[in-house]
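S.K.: Handing you a structure now.
The values are calculated or read from the model by the stated rules, or taken from the named source; none is laboratory data. It should be emphasised that the depicted structure is a prediction, and the values quoted were computed from it without experimental measurement. Please note: Cβ atoms are built from the backbone with ideal geometry, for glycine as well, and neighbour counts cover all protein chains shown.
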Amino acid sequence: MRIEVKAKQTPTWSNIKGLSAADAFLVFVDFAGKKETERPEFFVLSAADWRFLATEHIEQYRLKHPDRNPYLDAENCPVFPEELDVRGKPYRGCTVKIAAIESHREAWQKILDACAQIPDAVVKENGDE
């Protein structure tokens, strides 16, 4: 299992490339407007949640730009071939807003459930007895 963490202090998370492994999780941490002593907000997405979110993002983009051909690559990263980055390559990734992931707020149970599925032999193999 893999857990990736993306943090922000601005209104959005920029250039999020997503998750390629089926057993991975993406945790978004929102520090925007928080004092040093305040707990940030957390949003937990599984790989399937990410694919759904990225696919929705691509579909919304297509509605605004019907002449363009964005797609989700083999690593579940949104790719926008008609938009080039500073190196002249197709732009990869997307911006994520809180409204798009609100339903995943504090969804830690997804990770706990996945941990419960890990066989004891794998845990012992890694020295985590």
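S.K.: Residue 110 is checked against (1) modelled with pLDDT of 95 or more; (2) of a type outside the set (Ser, Thr, Tyr); (3) out of contact with any Ser or Thr (no Cβ under 8 Å at 6 or more places or on another chain) and fails just one. What number does that condition carry?
M.R.: Only one criterion is unmet by residue 110, namely (3).
S.K.: Also, I was wondering about something else. Contact list please: Cβ distance under 8 Å, first residue in the range 82-97 and closer than 23 Å to residue 53 by Cβ and without any contact (Cβ under 8 Å) to a residue 24 or more places away in the chain, second residue in a loop (DSSP other than H, G, I, E, B) and among the polar types (S, T, N, Q), pairs at least six apart or on different chains.
M.R.: Between residues of the range 82-97 that are closer than 23 Å to residue 53 by Cβ and without any contact (Cβ under 8 Å) to a residue 24 or more places away in the chain and residues that are in a loop (DSSP other than H, G, I, E, B) and among the polar types (S, T, N, Q), the close pairs are 82/69.
S.K.: Just for the range 52-86: of the residues that are in a helix (DSSP H, G or I) and charged (D, E, K, R), which one is nearest to residue 100 (Cα to Cα)?
M.R.: As a first pass, look at the range 52-86 and keep what is in a helix (DSSP H, G or I): 52-64.
Now restrict to residues that are charged (D, E, K, R): 56, 59, 62, 64.
On the way: 56: 9, 59: 14, 62: 17, 64: 17 Å.
That would be 56.
S.K.: Mind checking whether some residue in the range 29-51 is touching a Ser or Thr at 6+ places or on another chain (Cβ under 6 Å), at pLDDT 95 or above and within 15 Å of residue 4 (Cα to Cα)?
M.R.: no
S.K.: Give the range 7-18 a look and list any residue that's under 12 Å from the mean Cα position of the chain (by Cα) and in contact (Cβ under 8 Å) with a residue 40 or more places away in the chain, or say none.
M.R.: Initially, the range 7-18 is screened for residues under 12 Å from the mean Cα position of the chain (by Cα), giving 7, 13-18.
Hits for the range 7-18 are 13, 14, 15, 16, 17, 18.
S.K.: I would also like to ask the following. Pick from the range 19-38 the residues that are without any contact (Cβ under 8 Å) to a residue 40 or more places away in the chain and among the small types (Gly, Ala, Ser): which of them is surrounded by the most Cβ atoms within 10 Å (Cβ to Cβ)?
M.R.: Only one residue fits best here, namely 24.
S.K.: Looking at the range 21-38, which of its residues are assigned to a loop (DSSP other than H, G, I, E, B) and either over 12 Å from the mean Cα position of the chain (by Cα) or within 16 Å of residue 105 (Cα to Cα) (or both)?
M.R.: Of the residues in the range 21-38, the ones assigned to a loop (DSSP other than H, G, I, E, B) are 21-23, 31-38.
22, 23, 31, 32, 33, 34, 35, 36, 37, 38 - these are the residues of the range 21-38 that are assigned to a loop (DSSP other than H, G, I, E, B) and either over 12 Å from the mean Cα position of the chain (by Cα) or within 16 Å of residue 105 (Cα to Cα) (or both).
S.K.: So which of 41, 59 is more than 12 Å from the chain's Cα centre (by Cα) and free of Cβ contacts under 8 Å to residues at least 12 places away in the same chain? Even if it seems obvious, please write down each step before you answer.
M.R.: Numbers: 41 fails: free of Cβ contacts under 8 Å to residues at least 12 places away in the same chain.
Sole residue among the options that is more than 12 Å from the chain's Cα centre (by Cα) and free of Cβ contacts under 8 Å to residues at least 12 places away in the same chain: 59.
S.K.: Conditions: (1) in contact with a Lys or Arg (Cβ under 9 Å, 6 or more places away or on another chain); (2) more than 17 Å from residue 2 (Cβ to Cβ). Residue 86 meets all but one. Number of the miss?
M.R.: (1)
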